[in-house]
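Working notes, structure below.
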Amino acid sequence: MNLKKSIGRRKKQNAFTLVEVTLALGILAFALTTLIAILPIGLDTNRDSRESTSAMRTAALIASDLRQANMVSETVNGSETSMYVSPRYEIRLEKNANAIEIPLSGNQSLEGGNHRAQVQVLQSSPDGGEKGCYEVMIDVVWGLPGSTPIPNNYSNCISIYAAVLL
């Protein structure tokens, strides 16, 4: 009698149905598609962050170079003038209307030479040869070809203002 009862009864098997497996694969495909679509955005953000950090370090390097400026005398058209000149980039600390562009290449730039910098002395001491305070604006840009002028409101740019006390 026990034999008949066990033959007529089916054992319940624990398994997933085809509908459940198909639904799970659909959810997995949707999640993977979303993650793959977001991946380039994350990579771009990471690259921009690296470039921005590197540009900030480059601007700090230029500001440090300006703070180490030495007095240099030179004769121009028969008259001797004295001014401060930075040792590494040879930036003259004199008030000028035009920004000085520094093409950063090789060991001058911290990240392989993909930055360009513009330095403008906004305000200098009363006499260019006297010690005093110089207000300097430093713009560092990246992602532009070397000969392209830097446009206003360029997004790949950081600007710092530095006070150089000599």
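The values are calculated or read from the model by the stated rules, or taken from the named source; none is laboratory data. Every value quoted in this text rests on a predicted model; they were computed, and no experiment measured them. Virtual Cβ from ideal backbone geometry, glycine too; neighbours counted across all protein chains shown.
Given the condition surrounded by 11 or more Cβ atoms within 10 Å (Cβ to Cβ), modelled with pLDDT under 75, on the phi < 0 side of the Ramachandran plot and in contact with a strand residue (DSSP E or B) (Cβ under 7 Å, 6 or more places away or on another chain), answer yes or no: does some residue in the stretch 142-152 qualify? Scanning the stretch 142-152 turns up at least one residue that is surrounded by 11 or more Cβ atoms within 10 Å (Cβ to Cβ), modelled with pLDDT under 75, on the phi < 0 side of the Ramachandran plot and in contact with a strand residue (DSSP E or B) (Cβ under 7 Å, 6 or more places away or on another chain). The set of residues from the stretch 90-125 being under 26 Å from residue 52 (Cβ atoms), modelled with pLDDT of 65 or more and either under 21 Å from the mean Cα position of the chain (by Cα) or not in a strand (DSSP E or B) (or both) comprises 91, 99, 100, 101, 102, 114, 115, 116, 117, 118, 119, 120. When the stretch 58-80 is filtered for residues that are charged (D, E, K, R) and more than 30 Å from residue 114 (Cβ to Cβ), the ones remaining, listed by number, are 74, 80. Only one of 135, 80 is more than 17 Å from residue 166 (Cβ to Cβ), in contact with a strand residue (DSSP E or B) (Cβ under 8 Å, 6 or more places away or on another chain), at pLDDT 75 or above and exposed (fewer than 15 other Cβ atoms within 10 Å of the Cβ). Can you tell me which? Of 135, 80, the one residue that is more than 17 Å from residue 166 (Cβ to Cβ), in contact with a strand residue (DSSP E or B) (Cβ under 8 Å, 6 or more places away or on another chain), at pLDDT 75 or above and exposed (fewer than 15 other Cβ atoms within 10 Å of the Cβ) is 80. Only residues that are over 19 Å from residue 135 (Cα atoms) and either touching a Leu at 6+ places or on another chain (Cβ under 7 Å) or at pLDDT below 80 (or both) were counted in the stretch 58-77, giving 3.
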